[in-house]
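Scroll down for the structure; my scribbles are underneath it.
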Amino acid sequence: MGKSITHKIIENHLVSGEMIAGQEIGLRIDQTLTQDATGTMAWLQYEAIGIGTVRTDLSVSYVDHNTLQMGFRNPDDHRYLRTVAAKSGAVFSPAGTGICHQLHLENFAKPGATLIGSDSHTPTAGGIGSMSMGAGGLSVALAMAGEAYFIPMPKVVKVNLTGELKGWAAGKDVILHLLGMLTVKGGVGKVFEYAGPGVASLSVPDRATITNMGAELGATTSIFPSDDKTRDFLEKMGRGNDFTELIADPDAEYDEIIEINLSELEPLVAQPHMPDVVCKVKDLAGKKIDQCAIGSCTNSSYSDLKNTAQILSGKQTPPETDLLISPGSKQVVKMLAREGLMEPLLDSGARILECTCGPCIGMGGSPTSAGVSVRTFNRNFEGRSGTQDGQIFLTSAQTAARLALEGKFTDPATWGDAPERVELPDDVPSIRHLFVFPQDKTDEVEILRGPNIVALNDFDSLPDTIEAKVLLKVGDNITTDHILPAGAEITALRSNIPAISLYIFNRVDKDFVPRIQKAGKGIILGGENYGQGSSREHAALGPRHLGVKAVIVKSLARIHRANLINFGILPLLLADANDYDRLSEGSNLTIPAAALTPGGTISISTGPGDSFEVTNDLTKNELEIIQSGGLLNAVRKNQ
């Protein structure tokens with residue numbers, strides 16, 4: 001039987017387990033990346049492990065999220081990240097250099113390599129054939145220490161592409177089409193592997209956009225072949241030696257096959273407040289637009305912004321519609337400037353922002369009250385923009401640029417000819433001199449910490465019995481933004497768990513924190529796909545600090561499930577989904593934790609003669625981690 005790309009990479013990196021779907025496997029990790037919003041905590045955890053220099057082929061610490069320097073907190077964190085990287089033998093990317101995923105694609109990602117990052121959109125590197133996965137910071141810290149990364153062996157879905165994109169359709173429309181088809185939980189436990197004759201027509205930036213937003217499907221990761229397009233991209237980036245051809249065997253077998261004819265796609269848009277609420281752009285014709293924002297790790301490449309400049313050239317946006325543009329890297333800016341493409345962007349009335357995540361995580365650029373904002377980003381969760389009632393729509397860069405000129409949604413059939421598809425120039429300018437590469441004398445480096453950097457909690461082991469109340473009941477598709485909002489005020493506290501914990505569920509129920517502080521402990525009850533969204537482990541660390549002992553839900557998102565386990569919170573699944581309706585906030589629960597077995601069922605008491613059953617999908621190793629009080633405790637115990 002032939003092998004898929006996914007199976008080839010996993011087989012080459014397998015250190016434990018069997019490649020049977022659903023069974024736990026351990027993978028050797030070649031590369032890691034962190035970013036400052038999650039990376040400060042990841043590096044604190046790395047220090048707590050007690051390893052000297054990193055044991056990966058490459059680890060990069062990027063600063064791209066918390067770049068607003070309002071007060072000492074963020075700059076102190078940046079200084080800490082620079083010095084701890086130097087001490088630990090990692091590469092450091094200073095603030096303003098670019099967005100981690102765009103930079104990693106341009107400078108470091110390799111076909112066939114394994115990569116995990118403390119950001120859920122790490123699968124961007126799948127666009128050049130890297131098996132790249134988002135993970136919690138502690139998992140990344142352990143990978144930097146040379147430990148394996150454990151995941152359930154995923155199913156592999158072949159997405160067979162035929163035809164070619166036509167007119168105004170873009171790579172973004174491929175993944176929006178899939179999201180509309182499969183929903184935000186349609187990829188859980190799966191890798192999406194793109195194949196077929198249509199692959200050759202997609203550029204590496206197109207591919208990276210598609211793999212980036214595979215995270216919104218809940219997928220383990222997404223991956224494209226490493227082919228002639230990949231070779232051309234790497235050679236033009238000055239990295240031809242990093243190319244390795246990587247394609248699936250002709251007789252490779254897959255768990256599922258999805259067919260997409262690229263020629264049939266047209267511009268699509270995700271409507272508020274989920275990336276799977278997808279419709280055709282023309283279906284919204286006439287709807288007024290208050291803001292357009294082009295950028296983020298999804299659509300901030302040279303090709304995206306060159307197309308944007310071509311569309312805007314000689315034109316100006318209406319005064320009622322703001323346009324924000326965030327280039328993905330200084331390399332992108334240099335190429336645009338060299339070709340005279342910054343001028344049409346500026347003359348259109350657009351605001352050119354720093355090369356950072358910015359508005360995508362509510363770090364500036366928020367829309368007006370109830371404002372309609374068309375964005376090229378990957379998420380449109382309620383409140384994520386920084387405006388709680390903002391109406392966020394997701395499109396491709398080409399579509400967003402055209403709509404910015406219109407000031408309203410219009411039918412793409414009225415837009416005229418689409419801009420030509422962009423190829424990289426042969427002489428791409430390098431910005432590698434801006435990275436701080438590790439030096440030999442790491443023992444002479446002093447790690448500098450500011451007063452906002454607080455040592456990690458010590459967490460107790462799992463008790464035999466948990467007696468606690470349900471202190472919050474939430475519905476389906478609760479995101480990590482619901483659990484711990486982003487934005488300038490809160491993200492500045494990422495290295496201070498006691499302080500950031502005060503914002504847990506702040507936008508869902510302002511009384512939650514006082515309630516659990518008074519009770520001292522509690523349980524969360526949730527619906528389907530609990531914890532979808534970003535990899536921010538603070539959405540597990542904060543609740544653990546406050547005293548959350550367990551979450552009982554209908555189903556869990558992959559990365560948040562892993563983070564709950566990493567910090568010793570029991571993730572339990574309702575055996576009968578109907579029990580969700582009869583439980584309420586304030587219900588007293590008794591959980592016989594000592595009776596837990598991997599994959600087993602236990603009965604939780606709600607009072608004399610009344611109980612309900614829960615299951616778990618924990619492996620033996622995961623249960624032992626929870627019993628130890630979290631992964632850091634378990635690692636220390638085994639050292």
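Since every read-out is calculated from the coordinates, none of them should be taken as a lab result. Computed from a predicted model, the values in this text were never measured in an experiment. Neighbour counts are summed over all protein chains in view; Cβ atoms, including those assigned to glycine, are modelled from backbone coordinates with ideal geometry.
Some points to look at:
- Local net charge near ILE51, Cβ-Cβ under 13 Å (Lys/Arg +1, Asp/Glu -1): +1
- Packing-based ranking, highest mean first, of 97-108, 327-338 given that Cβ atoms within 10 Å are counted: 97-108, 327-338
- ASP443 versus GLN69: modelled label distance in nm, points set 7 Å from Cα along the beta carbon direction: 3.3 nm
- Separation of alpha-carbon centers, the stretch 5-36 and the stretch 444-512, rounded to whole Å: 29 Å
- Cβ-defined net charge surrounding ILE523, 11 Å radius [Lys, Arg +1; Asp, Glu -1]: +2
- Residue-wise HN-Hα couplings along the stretch 425-436, as the Karplus relation 6.51 cos²θ - 1.76 cosθ + 1.60 with θ = phi - 60° gives them from phi, are x, 6, 10, 5, x, 8, 10, 4, 5, 7, 6, 9 Hz; Gly and Pro carry x.
- Karplus 3J(HN,Hα) series, Hz, for the stretch 563-568 with 6.51 cos²θ - 1.76 cosθ + 1.60 (x for Gly, Pro): 5, 4, 5, 4, 10, x
- For peptides 469-476, 435-442, sequence by mean Cβ density within 10 Å, most packed first: 469-476, 435-442
- Treating each Cα of the stretch 268-414 as an identical point scatterer and summing with the Debye formula, the log10 of I(q)/I(0) at q = 0.13 Å⁻¹ comes to -0.49.
- Cα-centred dipole magnitude for the stretch 466-630, charges only on beta-carbon of K, R (+1) and D, E (-1), debye, nearest 20: 480 debye
- Per-residue Cβ neighbour rank within 10 angstrom, fewest leading, TYR530, TYR80: TYR80, TYR530
- Judged by the mean number of other Cβ atoms found within 10 Å, the most tightly packed of the peptides 278-285, 130-137 leads the ranking 130-137, 278-285.
- Estimated from the Cβ-Cβ distance and a Förster radius of 22 angstrom, the FRET efficiency linking LEU456 and LYS637 is about 0.90.
- With a Förster radius of 56 Å applied to the beta-carbon distance between GLU585 and GLU47, the computed FRET efficiency rounds to 0.90.
- Label-point gap, in nm, between ALA577 and SER430 - each point 7 angstrom along Cα→Cβ: 5.4 nm
- DSSP beta bridge pairing in the chain, given as percent antiparallel to the nearest 5: 35 percent
- Under 5 Å, built H, 5+ apart or other chain: amide partners of VAL548: GLY522
- For the stretch 174-182, backbone phi angles converted through the Karplus equation (6.51, -1.76, 1.60; θ = phi - 60°) give residue-by-residue couplings of 5, 6, 5, 4, 5, 5, x, 7, 10 Hz, Gly and Pro being listed as x.
- Model label points for LYS288 and GLU18, set 7 angstrom from Cα along the Cα-to-Cβ axis, are 6.3 nm apart.
- For the chain, relative contact order (Cα pairs under 8 Å, six or more residues apart, normalised by length) works out to 14 percent.
- All C-alpha pair distances within the stretch 5-264, sorted into 5 Å bins from zero, spread as 1, 6, 14, 18, 19, 16, 13, 8, 4, 2, 0, 0 percent across the bins.
- Amide H within-cut-off set for LEU33, under 5 Å, with H built and near neighbours excluded: VAL60, ILE116, GLY117, SER118
- Charge dipole of the chain about the Cα centre (unit charges at C-beta), most positive-ward option of SER263, VAL191, ASN299: ASN299
- Farthest toward positive dipole pole in the stretch 1-79 [+1 Lys/Arg, -1 Asp/Glu at C-beta], among GLN45, HIS7, THR56: HIS7
- Charged neighbours of LYS190, selected by a Cβ distance under 12 Å, balance to +1 (K, R count +1; D, E count -1).
- Shape call, the stretch 126-273: gyration tensor on alpha carbons, a/c limit 1.5: oblate
- Aspartates and glutamates with Cα under 13 Å of LYS229, excluding same-chain neighbours fewer than 8 positions away: ASP206, GLU245, GLU423
- Cross-link table LYS473/LYS620; LYS8/LYS110; LYS8/LYS620; LYS236/LYS334; LYS87/LYS330, entries beyond 18 Å C-alpha to C-alpha: LYS473/LYS620; LYS8/LYS620; LYS87/LYS330
- For the stretch 553-578 and the stretch 157-201, distance of Cα centres in Å: 28 Å
- For a modelled paramagnetic label at ASP617, 7 Å from Cα along Cα-to-Cβ, the residues of the stretch 104-131 in reach, with backbone nitrogen under 20 Å, are 120-121, 123.
- For the stretch 466-630: rounded, prolate or oblate by the Cα gyration tensor [a/c cutoff 1.5]: prolate
- Distant-in-sequence amide H partners of ALA468 (H built 1.01 Å from N, under 5 Å): LEU589, ILE591
- Between GLU489 and ASP57, the C-beta separation translates, for a Förster distance of 41 Å, into a calculated FRET efficiency of about 0.65.
- Calculated mean residue ellipticity at 222 nm for the chain: -8000 deg cm²/dmol, from DSSP H runs with n ≥ 4 weighted as -39500 (n - 2.57), summed, divided by the residue count and rounded to 500.
- Rounded, prolate or oblate (a/c below 1.5 giving rounded, otherwise prolate when a/b exceeds b/c) for the stretch 320-371 by Cα gyration tensor: oblate
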